[in-house]
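The values are calculated or read from the model by the stated rules, or taken from the named source; none is laboratory data. These figures come from a predicted structure and were not determined experimentally. Note that each Cβ is placed from the backbone with ideal geometry, even for glycine, and that neighbours are counted across all protein chains shown. To get the accessible areas, we keep the full protein, side chains included, count just its heavy atoms, and leave off ligands, DNA and RNA. Shrake-Rupley method; radii C 1.70, N 1.55, O 1.52, S 1.80 Å.
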Amino acid sequence: EALLFHLRRADHRHSFSVFWLPIYLSRALQDSRLNLLLKLAPFAAHVVLQAASLVALKDDIDKCALAQTLLFVAANKVCTAQYFLWWLPLLLVVVDDWRLILRPLRNWVLSCGLWLVVAYGLEFRGLPV
């Protein structure tokens, strides 16, 4: 039942998903073909990405687990901030030299914070952001 829920879920608010804008814009159109496409495209992306990472990393279980989780989160129709907590612990296992990822990690945290400030203005303050 939980998996079926995610097939039909289309939350355009507070979402980091690459699908958030098409989902948001489609709500005004009420086009059944577009809505069907927006339900199937993320599912198809999941299947392709999961299969590709499984084949590419089948010999390294740590990297495969990280890739599977990261790709699941990245290709989801709805991706809120707490979803990132799913793959961050796996990063601890995979990364050998933290100095290589400190700057990208810092930039990622800052960009998430910026996005959430804008989302707060939209959702809680009703600002036209």
Handout entry: Residue match in segment 77-84 (condition: among the hydrophobic types (A, V, I, L, M, F, W, C), under 26 Å from W115 (Cβ atoms), part of a loop (DSSP other than H, G, I, E, B) and in contact with a Leu (Cβ under 7 Å, 6 or more places away or on another chain))
Key = no
Fill in the blank from the handout: Scanning segment 34-71 residue by residue, those without any contact (Cβ under 8 Å) to a residue 12 or more places away in the chain and among the small types (G, A, S) turn out to be A44, A51, A52, A56
Handout entry: Restricting segment 72-114 to residues that are touching a Ser or Thr at 6+ places or on another chain (Cβ under 7 Å) and free of Cβ contacts under 8 Å to residues at least 24 places away in the same chain, the residue that is most open to solvent (accessible area, probe 1.4 Å)
Key = W86
Exercise for the section: Could you tell me whether any residue of segment 48-63 is modelled with pLDDT under 85 and either assigned to a loop (DSSP other than H, G, I, E, B) or of a type in the set (S, T, N, Q) (or both)? Expected result: no
